[in-house]
Amino acid sequence: MRWSFPSFDRRQRSGLALAAPTAVFLVIFFVVPAAVLLVYSFWISRSFQITPTLTLSNYLRALGNAGMWLSMWNGVWIGAWTAVFSVALSFPVAWYIAYRTRSNAILYAVLLSWFSSYLVRIYAWRTILGTSGLINSTLMQLGMIDQPLSFLIFSRTAVIVTLVHLFVPFTLLLLLSALRNVRTDYLEAARDLGASWRQSFLRVVVPMAYKGIVGSFMFTFILAAGDFISPQLLGGREGVTTGLLISNQFRQTGNWSFGAALAFILLGVFLFAYFLVAQSMRLGRLSPGLRFHPTLPTQEKA
Amino acid sequence: MSTQTLPVPDRTSIISMQGLEKKFGTFTALRDIDLDVREGEILTFLGPSGCGKTTLMRIIAGFEDPTAGSLQLRGADMRRLPPEKRPINMVFQRYALFPHLDVFDNVAFGLRLKNWPAARINERVGRMLKMVQMDTMATRWIHELSGGQSQRVALARALANEPQLLLLDEPLAALDLKIRHHMLSELKRIQRETGTTFVYVTHDQDEAMILSSRIVLMNHGRIEQLGTPDELYFHPVSLFAAKFLGETNILPAEVRSGAGDDAVLEGLAGRMRASHLPKGLADGQKVHVSIRPETVSLSDSTVGTAPEINGALAEITQIQPIGSRVVYTARLDNGTEMRSQTVRPPDALPLAMGQKVHLKWSEAAVAVLTA
Amino acid sequence: MVLRTYVWLYLLFLFGPLAVITLFAFHSSPALSFPFEGFSLKWFRAILDDPQFLAALKNSTIVAVAASVLTGILGTLAALALPRLPKRSLATFNMLTFAPIALPGLFLGIALLALFERLGIYRSLWTVTIAHTLFTLPFFIETVRSRVAYFDASLEEAARDLGATPVQTFRLVTLPILFPTLMGGMLLSFALSFDEVVITVFVVGEKNTLPFYILSMMRRTVNPTINAASVLAMGLSLASLLLGGLFFLMQRRRAQARRAENE
């Protein structure tokens, strides 16, 4: 877009002025708090009292703690499986909405479920999976089991089932917007050039919808791995995640500095996970923007 | 407009359709399609939007299944063959070049699926890109290409598989006029070089006339007329065909004095004789005649006498110079208007508004339309 | 068709558990298992007699209204800014507005808690409102972004050309066109705020919000009054969304009727 110069300046200035309140709000309540948290992670605190002494001890303590590593493993495990299931379960539905129907009814239904309360859905799964819950009591009444199946609740599986239910609408929306960019004529072009269904999926759909697929996977992963309420209510001892540890540091133990250090370690794990996913997509030749032929130096354009 | 047509080198047909029909629910998109696509020709599906031309092309490509009729490729039933198994490739209307791949990899797409060795792929892609004059842009990304360049890459990609038949779906619709004319001659050149059979879909009569060996004129899901551009232009069989291709004067008329070869037509522009008559005309039958404006000549009515047949006396009501041409509109005594088109003279126009003129046309210029 | 069946199963997975909880909220016995022993409203009566529940409901409504209004104001200004910002500032701005929802709510919660503590701000419904705005603002901006992108800038230029001041242009052209989108964004913010609990647990003061109260009930016990409370909370946030939808439909009808009258 090109604007003539005087109006360009005025327009630009009005844009900056309009953006200012939001920017200021976000700086004060997002950027500054994040910075405060970062600083805290290098200070010392005990039972809600913070001492401004520069130290790495929080990080060292966290990294040397087996419980922390176990919680990290739990969080990553829960996040990864939640993301895998959410993407895998939502993909066919996104496909159906994008290519097989013109009505928006399914989309609206999914949106509606997204807004049907976070806690209610956790509670619903507790009702269904609980020791005296729907599944156990039904099975016992039918005489199929004598004792409640204990693995149903207070396990990582229970947390994963619940988190999948929580995040699957969100995953679907991201996948759908990605598939909307892959017009049907690209699919037809692939088949016309000789690609089987599987080949056109791997060579065309995935690279073209890369942002949406990796994005929805990573989002679901991060939100699920960082969730602490589902592990708290459904995870039992097996499901203690780093998110839950962090929340306990801030709400019960009061060692904020240690909690902050844990949070930044978790953030580092998220970044590393993203790097791993992006790299494996590249290695699998599923990323966009790869060249599959040797480019001669003379042909290379700056 | 070119009156020259490409020679039809081989009469064997690649694709053969018999009684083809396509229904979408209760809507019939195609009916009674009997058509052969001949080896080496450029066959154009021409018609207004919604006439079924795109559906017919998509059936050949394999993206739609016909609801009835037979579809054969060199004598073998093609109806069960999925699109990826057909030796047919397509240039899509909006090109559908993969944005995640560069020019080279787009062209190599089909070859990679066949697991060709790299050297062979390089050779073929290089040759294709050279043919469409895009060999210097092999490493460009798709979003860096202009419309005309995208068109060339799409063509190279479709031809890289060496298809027996190339389908082109309104490939020039997205280009501006100048590039469009250049691409038409490029298409013709590439077709000559590769010898590939082309099926070309368009709603643009000029493109069809310039490019085609034969034209399939379609309307409401049926084949209206099939023939060379000249046949369609000079001998349209229906009102629709006459109106769709080029400008023309359409006049209602009635067959008089014998239904034989020397039938005379009586109509709003007086009595007429036509050198080329459709078979089976009956005395008293109501028909239309089509007379192209460029076949109608005008002359000052004060000179000579009015022709008794294939001519009329009229008054000029409008003069419209259009670049190299002049279009006159003349009104007959009974109010009928006819247009005449001539080459524009370099000096002042010889005729003026309101002037009385004699209109004249030859027997060959009269096309009799029974439908 | 297989895919169609699958889509129905998917929807069953989404709505089944919600249906189960709703059903047991009306169960006459406290057992959360079949056979179903009959309908009763007693759990609803119990929860509606609970003064803490009613206070939490009131607090949540106050916070959700305040957060959606604040979001509406900031978000509308931001939406208007989007097409006007120079490229580089736009990229930064986009990142800034999206970042809060790219992280788990936990991070926002602890960061805000640290900030409020540092500044000596007492935790109250105000801090909850700010936290919720931080959470709803990105959703609001993402919702209106595409609509603003399609907004035809030449409409504003035409208004200016015809003699409208910038303020008049905004009032007579920009606002009426964007209004439904902005209202939609605000209702979305209301529903999100009404339901928010992850960030809330860190910044809530003495006054409970509804989800926070339900969470503390859930920690204590499994009991059918939670079902009733949950169903009420869910019903209220869905009702606000459906009301919003209805409002748009009527708005659009009225606009169409007006157009028809003018013709």
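Just so you know, all these numbers are worked out from the coordinates, no wet-lab data involved. Source: prediction; values computed, not measured. Don't worry about glycine lacking a Cβ; one is built from the backbone with ideal geometry, like all the others, and counts go over all protein chains shown.
Between residue A:139 and residue A:66, how high is the FRET efficiency from 1/(1 + (r/R0)^6) when r is the Cβ-Cβ distance and R₀ = 35 Å? Nearest 0.05.
Numbers: r = 37 Å, r/R0 = 1.04.
Here the calculated transfer efficiency is 0.45.
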Notebook entry, point to check: Picking from C:12, C:106, C:41, which is most flexible by a Gaussian network model of chain C using Cα springs under 10 Å?
Noted result: C:12
Notebook entry, point to check: Which value in Å does the Kirkwood hydrodynamic radius of chain B take, with 1/r averaged over all unlike C-alpha pairs and then inverted?
Noted result: 23.2 Å
Check: Stretched out fully, how many nm does the piece from residue B:185 to residue B:297 gain, at 0.36 nm a residue minus the Cα gap?
Finding: 37.1 nm
Next item on the list: Straight distance only, please: which lysines reach the Cα of residue A:211 with their own Cα at less than 30 Å, same-chain residues fewer than 8 apart left out?
Entry: A:301, B:114, C:87
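Count the net charge of all other residues whose Cβ sits under 13 Å from the Cβ of residue B:219, scoring Lys and Arg as +1 and Asp and Glu as -1.
+2
What does the helix-only formula give at 222 nm for chain A: each DSSP H stretch with n ≥ 4 adding -39500 (n - 2.57), the total divided by the residues, and the result rounded to the nearest 500 deg cm²/dmol? Numbers along the way, then the final one.
Numbers: 13 runs with 186 residues, N = 302.
Taking each H run of at least 4 residues, the total per residue is -20000 deg cm²/dmol.
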Item checked: Reachable aspartates and glutamates, given that their alpha-carbon falls under 17 Å from the alpha-carbon of residue B:85 and they are not under 8 places away in the same chain -> A:188, A:192, B:64, B:65, B:77, B:162
Next item on the list: For chain C, with a Gaussian network of springs between Cα atoms less than 10 Å apart, report the residue from C:14, C:96, C:125 with the top mean-square fluctuation.
Entry: C:14
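For a quick protection proxy, order the peptides A:247-255, B:99-107, B:349-357 by their average other-Cβ count within 10 Å, most packed first.
Working: A:247-255: 18.1, B:99-107: 24.9, B:349-357: 13.7.
The peptides rank, most packed first, as B:99-107, A:247-255, B:349-357.
Between residue C:65 and residue C:89, what is 0.36 nm times their sequence separation minus the Cα-Cα distance? Round to one decimal in nm.
Numbers: separation 24, 0.36 × 24 = 8.64 nm, distance 3.08 nm.
Once the chain is fully extended between residue C:65 and residue C:89, it gains 5.6 nm.
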Checklist line | Under the Karplus curve 6.51 cos²θ - 1.76 cosθ + 1.60, θ = phi - 60°, whole-Hz ³J(HN,Hα) for segment C:87-96, x wherever Gly or Pro sits | finding: 3, 5, 5, 4, 4, 4, 4, 4, 5, 5
Next item on the list: Evaluate the distance, in nm, between pseudo-label points positioned 7 Å from the Cα of residue C:172 and of residue C:39 along their respective Cα→Cβ axes.
Entry: 5.6 nm
Next item on the list: Would you work out which of C:91, C:3, C:54 lies farthest towards the positive end of the dipole of segment C:1-115? Charges go on Cβ: Lys and Arg +1, Asp and Glu -1.
Entry: C:91
Next item on the list: Give, as ranges by residue number, the residues of segment A:90-122 whose backbone N falls under 12 Å from the point 7 Å along Cα→Cβ of residue C:250.
Entry: none
Notebook entry, point to check: What nm value, rounded to one decimal, do you get for the distance between residue B:94 and residue B:279 when each label is placed 7 Å out toward the C-beta?
Noted result: 4.8 nm
Item checked: Vicinal HN-Hα couplings computed from phi for segment A:131-140 (Karplus, 6.51 cos²θ - 1.76 cosθ + 1.60; Hz; Gly/Pro x) -> 4, 10, x, 4, 5, 4, 5, 5, 5, 5
Next item on the list: Could you estimate the translational diffusion coefficient of the protein assembly as shown from the Stokes-Einstein equation, with Rh from the Kirkwood formula over C-alpha pairs, at 10 °C and 1.306 mPa s, in whole µm²/s?
Entry: 47 µm²/s
Check: Taking amide hydrogens as modeled 1.01 Å from N in the peptide plane, which residues meet the under 5 Å criterion relative to residue B:325, leaving out close sequence neighbours?
Finding: B:344
Next item on the list: Give the residues of segment C:73-106 whose amide nitrogen is closer than 18 Å to a point set 7 Å from the Cα of residue A:17 in the direction of its Cβ.
Entry: C:74-86
Check: Between residue B:67 and residue C:77, what is the spin-label point distance in nm, taking each point 7 Å from the Cα along the Cα→C-beta axis?
Finding: 6.0 nm
Item checked: Residues with amide H under 5 Å from that of residue B:167, placed H, sequence gap 5 or more -> B:89, B:90, B:91, B:199
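Rounded to the nearest 0.05, what FRET efficiency do residue A:147 and residue C:220 have when you use their Cβ-Cβ distance and R0 = 22 Å? Can you show the working numbers first?
Working: r = 25 Å, r/R0 = 1.14.
Approximately 0.30, to the nearest 0.05.
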Notebook entry, point to check: So what does the Cα-only Debye profile of chain A read at q = 0.08 Å⁻¹, as log10 I(q)/I(0), no solvent term?
Noted result: -0.54
Checklist line | 27 Å Cα-Cα reach of residue C:58 towards lysines, excluding residues that sit fewer than 8 places from it in its own chain | finding: C:42, C:207
Next item on the list: Convert each backbone phi in segment A:210-222 into a coupling constant with the Karplus relation 6.51 cos²θ - 1.76 cosθ + 1.60 (shift: θ = phi - 60°), then list the ³J(HN,Hα) values in order as whole Hz, x for Gly and Pro.
Entry: 3, 4, x, 6, 5, x, 5, 4, 5, 4, 4, 4, 5
Next item on the list: Rank B:129, B:104, B:197 by how far each Cα sits towards the positive end of the charge dipole of segment B:13-239 (+1 on Lys, Arg Cβ; -1 on Asp, Glu Cβ) and give me just the farthest.
Entry: B:104
